[in-house]
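Worksheet: the structure to be examined is printed underneath.
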Amino acid sequence: MKLFLNILIFCFVFLQSVTSISQNVTASVESDSTLIGKELIYTIDVSSERVENIIFPDSTSFVPFELISEYQIDTTEVEEGFLFSKKYGITSFDEGEYIIPKIKIQIGDKLFSTDSKKILVNLVEVDTTKQGLYDIKPSFDKFSTLEIFKLRLMNNYPIILFTLFLILILLFFRRQLVDFFNPLLNIKPALRPIELIKKRLSDLEKINLDSKLDIKFFYSELTYALRSFFEKEVYERALESTTGELILKLKNLSEINSFNISKKSINRIEDVFKRADLVKFAKFLPEKNVIQNDLSIINDEVQLFSQLLPEPSEEEKLKNLNYQKQVEKKLRNERLKIVSISAASLILLLFIFSGFINGFQYSLDRITFNKNLRLLNKIWVKSEYGSPGIFAETPDALVRLNNDNEFLYDDYKMESQFYFSNSNQSIEFFVSNYSSQSKIEPQNFQSILDSSLDDLESRGLQNMLVKYEEFETKNKGKGLLISGTSDFKISDKKYKSGNYNVIGFLTETGFKTAILLTHEKRYVDEIRERIIKSIEVLKEEEK
């Protein structure tokens, strides 16, 4: 009796737990047929006895249909609990019969699936102005300005960063750069000693004598200007002589009439020099009127010196001019040498910086404008070749071959063929569409594609290694891939190793092929892989 009660209680609890989480998911469409570009409402209903965390599908769940609108969740309280309803607006831009796949919905921690729905998409009426249709899909090869800008930023970000860094450096050191290049751009002839001392004395008149340091600087410059003048015109060791030695030399020159300077002038100069020594070494601070008087004395003596010194002869002027030209040339060469070394160092630094980030071979190829690298980095074109045909992404759009078609088959008619190659034909890409009078059996398709290998041999491919495998596109299209390595004939005696890829897709009315031939290594492998990964087969229209 006790055992029977336990079993009864267990069954009651189990049934209670099952009924407490009763949930149901259904899906419906407003019609099982629609027009190209017209919105079709797809509704998902979830019934639950209590409010649950429900995760509805995203836009990728309706492929091959496209989601064009999504509506808010509508919650309704019913007798059994709650009804959650969500509507989606979907459409198709291709004619044919399509299936909306099973849609997964997560309720709490459990997954539920809807039933698949078959939808017939019909052509629109001729007069489309009377129908509420959505805009057609944008062309595959259209990129917005923002997308192009982002792509260029990603491809050139090291150069952009380095350029910004260089601009900041130039702005920070702009004053130093101007000072550096000024002698090169604006070299002025050297002043004569008498003109130079007059200029220096004129500059001293503008100094404010408000502090001890100002006074000390004033006397240092005053005596230096006078000593420099004496060294150039009177006594070649004037700068390194003491005040006593210089005054003694001036007296000796005056006595032998080598330099016609009066004793009064010598005494006045000696007084100024001694006062300058006291200021510099004994911390003596003269009155401002004394300082002004000293400057006036030196100015007066300089005026006397200008009368004593003869005008330079034409020979001396020419000698000075030639000397200035030599100085200018030497300075220019030094500046140009520094600039050249700096520019070369900057370029080398940029190359090393880019090399560490992207690789030295890649950086060198960017500098030398490697053609294959430019193909890899440019904005590629996405397009469909055939109607319906093969979708592929390539550096440039393939061109239709109206004559001189290749890879022909005796029993099958070529509907269209498209071709792309780079400048030296190290990359060649063929997309071909063929039709057949009768349906091709899958088991016979490999033998048909094998005849493409004979065509490749006639193009000069030798020592071909062959590998067969299934090929699946991004949109789950199935095909056959024949690939391998081969020696490509470049000239009569020259061969290069490379790769070939023959991809075939069987259709209801024939087949399609994509043949890719490459025989260079650097960047070509990346281009080859990118082209192959982009290949898709678009749905063939019903006939």
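Bear in mind that the values in this text are calculations on the coordinates, not laboratory data. Only a predicted model underlies this, so the values are computations on that prediction, with no experimental measurement involved. Using ideal geometry, Cβ is built from the backbone for each residue, glycine included, and neighbour counts are taken over all protein chains shown.
Are there any GluC sites (Glu not before Pro) in region 489-535 that are in a DSSP loop and have at most 12 other Cβ atoms within 10 Å? List them by number. Walk me through the numbers on the way to the answer.
Values: sites: E508, E520, E526, E529; in loops: E508, E520.
Taking region 489-535 and a limit of 12 other Cβ atoms within 10 Å, the loop GluC sites (Glu not before Pro) found are E508.
Give the cross-link partners of K378 among the lysines, using a straight C-alpha distance below 23 Å as the criterion and excluding same-chain residues fewer than 8 apart.
List returned: K142, K150, K474, K521, K533.
For every other residue with a beta carbon closer than 15 angstrom to the beta carbon of T76, add +1 if it is Lys or Arg and -1 if Asp or Glu, then tell me the sum.
Numbers: positive: R50, K86, K87; negative: D45, E49, E52, D74, E77, E79, E80.
So the surrounding residues net to -4.
Can you list residues from other chains, or at least 5 along the same chain, whose modelled amide H is less than 5 Å from the amide H of K117?
Placed amide hydrogens put I100 under 5 Å from K117.
Do any chymotrypsin sites (Phe, Trp or Tyr not before Pro) in region 210-258 lie in a loop, going by DSSP, with at most 11 other beta-carbon atoms within 10 Å of their beta carbon, and if so which?
Hits after loop and neighbour filter: nothing returned.
Among all the lysines, which ones have a C-alpha under 19 Å from K212's C-alpha, if same-chain residues fewer than 8 places away are not counted?
Excluding near neighbours in sequence, the set is K274, K280, K283, K288.
Which entries in K382/K439; K232/K263; K263/K329; K371/K493 show an alpha-carbon gap greater than 32 Å?
Details: K382/K439 30 Å; K232/K263 21 Å; K263/K329 44 Å; K371/K493 25 Å.
Table pairs above 32 Å Cα-Cα are K263/K329.
Express in whole angstrom the spacing between the alpha-carbon centres of region 93-117 and region 378-422.
35
What does the net charge come to around K118 if you take all other residues with beta carbon closer than 9 Å to its beta carbon, with K and R at +1 and D and E at -1?
On the way: positive: K117; negative: D32, E97.
Net charge in that neighbourhood comes out at -1.
Reachable aspartates and glutamates from K478, Cα under 12 Å, same-chain residues fewer than 8 places away excluded?
Partners found: E469, E470, E536.
I need the phi-derived Karplus couplings for region 378-383: 6.51 cos²θ - 1.76 cosθ + 1.60, θ = phi - 60°, integer Hz, Gly and Pro marked x.
6, 6, 7, 9, 9, 7
What net charge is computed for the residues neighbouring T43, neighbours being all others with C-beta under 10 Å from the C-beta of T43, Lys and Arg scored +1, Asp and Glu -1? Could you put the intermediate results ahead of the total?
Details: positive: K86, K87; negative: E30, D45, D74.
Its environment carries a net charge of -1.
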